[in-house]
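Asker: Below is the structure I would like to discuss, written out as structure tokens.
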Amino acid sequence: MRFRRLSLDAYGPFTATTLDMAGAVGNGLHLIYGPNEAGKSSALRAIRDLLFGMPQQTQDAHLHAAPALRLSALIERDGEELAFARRKKRKDSLVNLDDQPIDEAKLARFLNGLDAATFDRLFGLDHARLQLGGEEMLAGRGDVGEALFDAGASGRSVHRVKLALLAEAEELYKDRGKTPELNRLLAVYAEQKKRAKDSVHSPEKYDEQQEGVREKRREAEARRGELSRLRAEKEHAVRIRNVLSSVIERDRKSAQRAALGDVPNLRRDVSEQRERLTLLLQEAERDVQRLSQKVAEEQGKLGRLPEPSPLLGMEEGAVRAVERKIGAAQNSLIDLPKRQAEARTLRDAIQAKLPRVGLGTDIEGVLGRSLPVAEQARLAALGREYQGLELKVENAERELPDARAKVEALMNIISLGQAARRIEQSALPPPELVERFDGELAQAEERVEAQRVRLAAGETDRAALSHQLELLRGREGVPSAALLAEARVQRDLRLREAQELAADPKRKALELCLPLAALAQSSAYADTLGDRLRSEAQRVAEVEAVEQQLAKLERERAQMLADREAAESQLREVGVRWENAARGLGSSELLPSEARRVLQDEREGWKEVARQQQELARAQAALGAAELRATEAGRRLGVWREEWQVAVAPLGLAANARPEQALRLLEALADLSSQREQLGLIERRIIGIERDITAFAAEVRLLTESFAPELSALPAPEAASRLLELHRRASELARQRGSIDGELGRARRELGEADARRNQHAQALAELCREAGAVDAASLLELEQKVERARALECEVEELGARLAEVCEGDDVDALVEEARRSDKGAVAARLAELDDLIALREDETREAEREVTRLELGLRTYEGRDGADAAQELSATVARLAELSSAWVRRRVAGAVLERVVEQYRDKHQGPVLSRASELFRRLTLGRFSALRVGLEETRLECVEAIDGKGLEVEQLSTGTRMQLFLALKLASLEQYVKTAPPLPLVLDDVLVEWDDERSRVALSVLAEFSERLQILLFTHHGRDVTAAEALGDGRIFTHHLVPRAALPSNAGGG
Amino acid sequence: MKLVHAADLHLDSALAGLTRYESAPADEIRGATRRAFTNLVSLCLEERAALLVISGDLFDGDWRDISTGLFFAAQLNKLCEAGVQVVWIRGNHDAVSQIRRSVRLPEAVIELLAERAETRVFDRLGVAVHGRSFAKRDVTEDLAATYPDRVPGALNVGLLHTALEGRTGHDRYAPCRVETLVNRGYEYWALGHVHQREVVHVEPYVVFPGNLQGRHARELGEKGAALVTFEGDRITAVEHRALDVVRWAEVAVNAAAAQTFDDVIGAAQLELSRAAAAAQGRLLAFRVKVTGATPLDAQLRAGRDKLTEELCSLSYGVGGAGAWLEKLVVTTEPVAQSATLGDDALAEIDRALGDLLGEAAAETLSEYLGDLSKKLPAEVLAEVPELRTLSPEVAAELAIDVRSLLRERLATGQDGA
């Protein structure tokens, strides 16, 4: 099969790119040149995708979306053609040119039914695979069979695959290994098998164990029976032992009761009644005795008390009144002399003060001078006002000279400040004006400077260009179109002249010589100019350019000069305006900046003058105010003096008396008045005290005369005191008598009651004794005790009988009692001890037997598990794994064996023909350095025969490049063999010559061109050298195609 | 009233072929047959069944673990306490079971005689059960012919362990014709021995309930017992109830449409999730079979290990009680054989394979396969036919695998690392 056309309609970076191979005679070696980035790799993939379908994930759907990808081709085999296209689809991706699906089998037939991998393996070779092929030969140490197989099959290492299979098989199993998986698992299997066997609980063993359990149960049962018997015997013996003491006791008690004989049937509560009555009787007798004694005692007390006093006849109200007043009377007697002394002291003090006031010695007369309260207040107010007025007058007198001095000082400062100013305030120009002039002047100066700089720069450029122009013109100058036109005019002139001369028949030929010479000269000159204009066009153009630049510079210079002039004129104009303005400042010489400083100073000076003037105004105002205050103070003082004179007159003071003096007099009068008032109070108090003492004495005298005349002679307070004491004592005695009378009456009443009780109880006790048949209480007690003893014995006998019945638990009591009477207590105790030991022993034995039963039963429970089944399940998993691994091992072993055979057979079959053809190819590809290939050592190793000395080199001894050439030779020779038996398919080579030198590349291309006689070769290269080499070969079998990505060109520029 | 019919319990027999791998749910697989039997007991109790009949093969004959019998007895005790009558016969597997002899079953559990066919009439239930146990493993006589006549007025149930006239994969024990059974006049024939569920005849019913728990990859699908509802001597319904705890499934993947290895995995995942859904939360033991003509043929065959690994990890993600890959079987075919291989080196492989696995294969191979077959236990060897006498089919399959392995390795340059 071969391609006649291959179109990358929409694929990778390509759009409608066609490699037309129809023009090739035969198969052709198609050199497809695609420099880097030209999409060579995409084009390579396109071949595979076209023939075998595009993969699910494609890297070629970047320019065109995946559904739009399309490749198409026209292929041919033995005259039969197939035009088809390939789309990117999961199904029906193979279509005809009308996009109708076609059967893959149609295409498969053209491809010998090969799948993609096989096609790739057999008919694809790139640089990497070529290199790998060489390396694999090295790895296989040049084994002929392997090398031939690798070249024929794929370039993959059969050697490596063989080793890998062997290694994998050995990892799985080795005949005498331990660690490989299968060997290890076999050991695991053996273990698990044993465990599974051990885990199984056999029925026999189970039966045996069950029998063991039954046996043990029987034994335990026997032990339990024996134990029960012993326990029953013990129980009986215990009963005999218990019964024995009860029987003896009962017999003894019965005998004691019999000894007591008959006893009367006493009332059940006779003892209680007797004891109660005896106690009551004793108590009543004790009460009678105690109360008789009490009556006697109270009567004695009454006899010892005195007769009642007459003082008890005093009225209670009178006694309470004396009691109340006696304290006050005693205090008045003490207080009176103190008050009298106070009154004397005050009178003396008033008398002493009077002369100091100076208004006479009669106190009442002096006090008559006192002012009413309102007058006093007014006097005090005038006094206070005087102090204020006095201060104001003083202040006004002090203030006035200071204020006047300040006004004068300020007036001096102001006149000095005004004298210091250079310019009148009204003549000061506004500051904005100066600012504006300053700005304008600066701008104008800047403009002048800028124009100067530009002019200087223009001068420099002009000098440089002039120099350049000079150089360009050189000594000969430069021809110009104007010169040429001028020369042509001159030439034409000469021509006309010559023509005219020539036309004039009169002229002689000789005359024509000069004009002709001139014509010739001017023609030559014009031609020379014309020629030079052409030949020196570059220089002429440059000169023209420089001249144009110079002219431009000249124009610019004129403009700049004009600009500079304008700037300077503006500067001058601003200066004149400023001078006019500055004249007002007194100096037209000042610059605006200096003027700004002068103006600043002047303004500050005037500001200071204005401030001082304001200060002066304030000082003058203050002086006016002070003068006003002084006048007002004088006036107020006059008025005050008039009021004062009127106010102090009643006090007998002169008009010029000082306010302090009047106030002190008023204070002294007030003091005297106060002391006089206090003296009055004390004198009234003395009179009251004397009146109270007299009244109390009268009251006391009345009482003493009626009830205690012996006290009448005593002073009233003492008499009253003694009277009250006597009355208190008489009252106390009367109370004592009343109390004793009460006690005596109560004791007599209780005595009567106690006596009655005593008689009643004695009578009841006598009745009780009589009822029991006893003479008295003592004999009744004896009788009671005898009856009680008899009853107790009867009860005990009865209780013992009941206990015996209980112990017998329903057995025949009499029989048991009889047996007990016959038994010996010691013998019974001994048997009991013996039984205890036996029971303890048997209990241990029984427990042990029962424990054994439990243990054995638990043992049986272990049979209920699932260990056996689980172990079998585990074993089953291992069996499955063993089978799986064995199967894998068998496959690898057989694969290894097959490969070995294949290589052997392949060598046998292909060694001859392939090796001889490869030999020839290798010789050519190595430019004759090697003459042949042969089989060397042990007839299995490949050797390359060196042309120079016929020495055989093994693969290991070859360089990498030579090994690649060897592999290519083998590959091509193998393919030749293939196409002998099967229709050829295109061989797709990619950059296989990339590392080869020019000469070897050329030879390789020649070899491949020759090879293309057998099958079509598509050689992709990114090396321009290969294209050049191919063109240089001039071989008609080689066709060159250029890959152009995208739609840069309307269609591809393919073609040989 | 209801009766439950089960057969072929094969208590405590192992589930075969489940290779252990890291994520395999090993604990869940243990005791599967016991748990299935527990499910049977629960079914009887929940449905308040009056009668449980078991048609043979309670135990495997060579299984000698008494624990199995004790477990069986304990479960039957529960039924007896609930008043469920149990009747069973021995089949070929438990005909000579020693376990049975050593375990004491509750008195209400009736094992029918082997010497002759006998009838037990349960007046309380209005049911007559006829049956006969196997006296030995290989009973080849027609036992059905010896069964008693029907008891009038009762529901007649015949217990029989038989392969009828033969069933694939089952020994032809106690052979009999369906007509024989039909003509006997019983209302229900409770059969055992065949592990695949089958209602052989309706009116009267002749039913194989199948075994209770699938035990290997050939016992696929639902496994359980038949629940029979009857009124007087008339059967009103026969329903199958799934009681298995591990469900065996075959995940069939047709690789014909697959373009990549991942496509195959995807298809397997889809099928696996379907199988898991059908298992209704049970643990799934599955075998994957990849078939179809595919360009991935060689890749799949050679890449078994990788594919197995992928499938194991798939099983990890299956819901319910999980899933266990039993085996991967690849029987794909290439899309198109190279029509004209010519002198292609790989064509040599086919030739060499033909030589190696041809008529004298066993001898030739023994040179390469050494003594592994001697070292492998018989039960393993039974699963590796390549190591036994090589049949043409096995040789052919081996050849395809080896060819694929070599082609893949040589084509991709894989050295297996």
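The values are calculated or read from the model by the stated rules, or taken from the named source; none is laboratory data. Remember, predicted model here, so these are calculated numbers, not experimental data. Glycine also receives a Cβ, built like all others from the backbone with ideal geometry; neighbour counts cover every protein chain displayed.
Asker: Kindly list, by first and then second residue, each pair from a residue in segment A:977-1003 that is farther than 28 Å from A:Arg907 by Cβ to a residue that is among the aliphatic types (A, V, I, L, M) and assigned to a helix (DSSP H, G or I), limited to pairs with Cβ atoms under 6 Å and residues at least 6 apart or on different chains.
Answerer: A:Asp990/A:Leu44; A:Leu993/A:Ala1004; A:Ser1001/A:Ala1029; A:Arg1002/A:Ala1029
Asker: Right, B:Arg104: exposed (fewer than 15 other Cβ atoms within 10 Å of the Cβ), in contact (Cβ under 8 Å) with a residue 24 or more places away in the chain and over 25 Å from the mean Cα position of the chain (by Cα) or not?
Answerer: For B:Arg104, the condition - exposed (fewer than 15 other Cβ atoms within 10 Å of the Cβ), in contact (Cβ under 8 Å) with a residue 24 or more places away in the chain and over 25 Å from the mean Cα position of the chain (by Cα) - is met.
Asker: Just checking, does segment A:868-889 include any residue being modelled with pLDDT under 90, more than 60 Å from the chain's Cα centre (by Cα) and in a helix (DSSP H, G or I)?
Answerer: No.
Asker: Which one of A:Arg901, A:Arg893 is at the interface with another protein chain (Cβ under 7 Å from one of its Cβ atoms), under 30 Å from B:Lys374 (Cβ atoms) and at pLDDT 85 or above?
Answerer: Among A:Arg901, A:Arg893, only A:Arg893 is at the interface with another protein chain (Cβ under 7 Å from one of its Cβ atoms), under 30 Å from B:Lys374 (Cβ atoms) and at pLDDT 85 or above.
Asker: A follow-up question, please. Considering only segment B:375-398, state which residues are touching a residue at least 12 places away in the same chain (Cβ under 8 Å) and closer than 27 Å to A:Gly177 by Cα.
Answerer: Those that are touching a residue at least 12 places away in the same chain (Cβ under 8 Å) and closer than 27 Å to A:Gly177 by Cα: B:Glu383, B:Glu386, B:Leu387, B:Arg388, B:Thr389, B:Leu390, B:Leu398.
Asker: Let me ask you something else. Name the single residue, out of those in segment A:93-106 being out of contact with any Leu (no Cβ under 6 Å at 6 or more places or on another chain) and within 13 Å of another protein chain (Cβ to nearest Cβ), that is surrounded by the most Cβ atoms within 10 Å (Cβ to Cβ).
Answerer: A:Ser93
Asker: Next question. Among the residues of segment A:121-142, what is the count of those that are farther than 16 Å from A:Trp996 by Cα, within 14 Å of chain B (Cβ to nearest Cβ) and not in a helix (DSSP H, G or I)?
Answerer: Final tally of qualifying residues: 2.
Asker: Could you tell me whether segment A:107-115 includes any residue that is within 14 Å of another protein chain (Cβ to nearest Cβ), in contact with a Phe, Trp or Tyr (Cβ under 9 Å, 6 or more places away or on another chain), under 26 Å from B:Arg407 (Cα atoms) and polar (S, T, N, Q)?
Answerer: yes
Yes/no per residue for (1) loosely packed, with under 11 Cβ neighbours inside 10 Å; (2) modelled with pLDDT of 85 or more; (3) in a helix (DSSP H, G or I); (4) of a type in the set (Asp, Glu):
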position: A:Arg324; (1), (2), (3), (4): yes, yes, yes, no
position: A:Gly327; (1), (2), (3), (4): yes, yes, yes, no
position: A:Ile334; (1), (2), (3), (4): yes, yes, yes, no
position: A:Glu342; (1), (2), (3), (4): no, yes, yes, yes
position: A:Asp348; (1), (2), (3), (4): yes, yes, yes, yes
position: A:Gln351; (1), (2), (3), (4): no, no, yes, no
position: A:Leu359; (1), (2), (3), (4): no, no, no, no
position: A:Gln376; (1), (2), (3), (4): no, no, yes, no
position: A:Leu379; (1), (2), (3), (4): no, no, yes, no
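Asker: Which one is nearest to the other protein chains (Cβ to nearest Cβ) among residues in segment B:1-34 that are in a strand (DSSP E or B) and closer than 29 Å to B:Val96 by Cα?
Answerer: Out of the qualifying residues, it is B:Leu11.
Asker: While we're here: Of everything in segment A:60-79, what is in contact (Cβ under 8 Å) with a residue 24 or more places away in the chain and exposed (fewer than 15 other Cβ atoms within 10 Å of the Cβ)? Give them in sequence order.
Answerer: Within segment A:60-79, A:His62, A:Ala68, A:Asp78 qualify.
Asker: So how many residues does segment B:249-264 have that are closer than 16 Å to B:Cys312 by Cα and away from every other protein chain (no Cβ under 14 Å)?
Answerer: The qualifying residues number 5.
Asker: May I pose another question? Kindly indicate whether any position in segment A:855-872 is in contact with a Leu (Cβ under 6 Å, 6 or more places away or on another chain) and within 14 Å of chain B (Cβ to nearest Cβ).
Answerer: Yes, that holds for at least one residue.
Asker: Further, regarding this structure: So A:Gln451 passes all but one of these: (1) surrounded by 14 or more Cβ atoms within 10 Å (Cβ to Cβ); (2) on the phi > 0 side of the Ramachandran plot. Which condition number does it fail?
Answerer: Answer for A:Gln451: the failing condition is (2).
Asker: Considering only segment A:715-731, how many residues are part of a helix (DSSP H, G or I) and under 18 Å from A:Thr694 (Cα atoms)?
Answerer: Summing the residues that are part of a helix (DSSP H, G or I) and under 18 Å from A:Thr694 (Cα atoms) in segment A:715-731 gives 6.
Asker: Then there's this: Restricting to segment B:396-407, name every residue that is among the acidic types (Asp, Glu) and either buried (at least 23 other Cβ atoms within 10 Å of the Cβ) or within 9 Å of chain A (Cβ to nearest Cβ) (or both).
Answerer: B:Asp401
Asker: I'd like to know if segment B:278-293 contains one or more residues that are within 18 Å of B:Ala399 (Cα to Cα) and either among the charged types (D, E, K, R) or buried (at least 24 other Cβ atoms within 10 Å of the Cβ) (or both).
Answerer: yes
Asker: Out of the residues in segment B:9-35 that are farther than 20 Å from B:Val380 by Cα and among the polar types (S, T, N, Q), state the one that is modelled with the lowest pLDDT.
Answerer: B:Ser23
Asker: Output the residues belonging to segment A:695-734 that are within 16 Å of A:Pro310 (Cα to Cα) and among the charged types (D, E, K, R).
Answerer: Matches in segment A:695-734: A:Glu705, A:Glu710, A:Arg722, A:Glu725, A:Arg728, A:Arg729, A:Glu732.
Asker: Follow-up question, since we're still on this one. Considering only residues that are without any contact (Cβ under 8 Å) to a residue 12 or more places away in the chain and of a type in the set (Gly, Ala, Ser), which ones fall in segment A:390-441?
Answerer: Passing the criteria: A:Ala405, A:Ala409, A:Ser415, A:Ala419, A:Ser426, A:Gly439.
Asker: A further question follows. Residue under question is A:Glu168, and the condition is that it be surrounded by fewer than 16 Cβ atoms within 10 Å (Cβ to Cβ), modelled with pLDDT of 85 or more and in a helix (DSSP H, G or I); does it hold?
Answerer: no
Asker: Taking A:Leu804 and the conditions (1) at pLDDT 85 or above; (2) in contact with a helix residue (DSSP H, G or I) (Cβ under 8 Å, 6 or more places away or on another chain), which numbered condition does it fall short on, given that it satisfies the others?
Answerer: (1)
Here's the yes/no breakdown for (1) in contact with a helix residue (DSSP H, G or I) (Cβ under 8 Å, 6 or more places away or on another chain); (2) at pLDDT below 85:
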{"site": "A:Leu529", "(1), (2)": "yes, yes"}
{"site": "A:Leu533", "(1), (2)": "yes, yes"}
{"site": "A:Glu536", "(1), (2)": "no, yes"}
{"site": "A:Ala541", "(1), (2)": "no, yes"}
{"site": "A:Gln548", "(1), (2)": "no, no"}
{"site": "A:Arg555", "(1), (2)": "no, no"}
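Asker: A further question follows. Report, by residue number, each residue of segment A:172-196 that is among the charged types (D, E, K, R) and either in contact with an Asp or Glu (Cβ under 7 Å, 6 or more places away or on another chain) or more than 10 Å from chain B (Cβ to nearest Cβ) (or both).
Answerer: The answer is A:Asp175, A:Lys178, A:Glu181, A:Arg184, A:Glu191, A:Lys194, A:Arg195.
Asker: Next question. Among residues belonging to segment B:286-313 that are at pLDDT below 90 and of a type in the set (S, T, N, Q), point out the one that is nearest to the chain's Cα centre (by Cα).
Answerer: B:Ser313
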